[in-house]
Amino acid sequence: MAMVREKRRNFFLKGLVFLNLSNNILIGSIPSSLGNLSNLEALDLSLNILSGKIPQQLAKLTFLEFLNVSFNNLSGPIPQNEQFSTFQDNSFKGNQGLCGDQLLNKCVDHKGPSFSPPSASDGDNDSESLFELYWNVILIGYIGGLVGGVALGSAWMA
C-alpha cells in the first residue's frame, strides 16, 4: 500500500515546475526528496526557520534556474556544481552557518562536497515524515492555482 501511495505522490509532483514555500514558518531541514522533482525550475524556501545543510540531492535539479533559501538557519557547504554556481549570494543571504564559493564565508574544503547518492543513513527520516504533511497542502495549492489560473485566463480571453 505504501509503495502505491509513493508512486502516486511522485506521479503528481514530477511535473512541478515552480515551488514557492517562502515565508511559511517551516521548521526542520530541507528534505532530500526535493531532488526528485526533476522538472523544477524555481524553488523558493526563503524566510522560514529551516536548519541543517542544503541537501546534495538538490544538485541533481538540472533545470533549476532560480533558488532562494535566504533568511533561514542553514549551515554547512553549499552544494557545488554547474547549476549551483549560477546562483548569486543573495540566494543564500541570512544563513550565518553557510559557506561556499558564492559567499564571503568560504568553506575549508574550497571545492565543496561532491554529489553522492542518497543513502539510508542520511538521517532525513524525521524531516521526510514532517514534510509529507506539507505535500498534501502543496498539491492542493498547486491544483487550486492551476484551476484558478485557467478560470481567470478563460475569463480574460472572453
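The table for this structure:
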{"read-out": "Options A120, A151; residue that is out of contact with any helix residue (DSSP H, G or I) (no Cβ under 7 Å at 6 or more places or on another chain), among the aliphatic types (A, V, I, L, M), loosely packed, with under 14 Cβ neighbours inside 10 Å and at pLDDT below 55", "value": "A120"}
{"read-out": "Complete set of residues in segment 24-77 that are in a helix (DSSP H, G or I) and open to solvent by less than 30 Å² (accessible area, probe 1.4 Å)", "value": "S32, S33, L34, G35, Q57, L58, A59"}
{"read-out": "Which listed residue, of F84, F71, F63, is farther than 19 Å from F18 by Cβ, out of contact with any Pro (no Cβ under 6 Å at 6 or more places or on another chain) and aromatic (F, W, Y)", "value": "F71"}
{"read-out": "From the options L40, L50, residue that is under 18 Å from L98 (Cβ atoms), without any contact (Cβ under 8 Å) to a residue 60 or more places away in the chain and under 13 Å from the mean Cα position of the chain (by Cα)", "value": "L50"}
{"read-out": "Residues that are surrounded by 20 or more Cβ atoms within 10 Å (Cβ to Cβ), in contact with a Phe, Trp or Tyr (Cβ under 8 Å, 6 or more places away or on another chain) and in a loop (DSSP other than H, G, I, E, B), drawn from segment 78-98", "value": "I78, P79, N95"}
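The values are calculated or read from the model by the stated rules, or taken from the named source; none is laboratory data. Given the structure is predicted, the values throughout are model-derived calculations rather than measurements. Backbone-built Cβ (ideal geometry, glycine too); neighbour counts: all protein chains shown. To get the accessible areas, we keep the full protein, side chains included, count just its heavy atoms, and leave off ligands, DNA and RNA. Shrake-Rupley method; radii C 1.70, N 1.55, O 1.52, S 1.80 Å.
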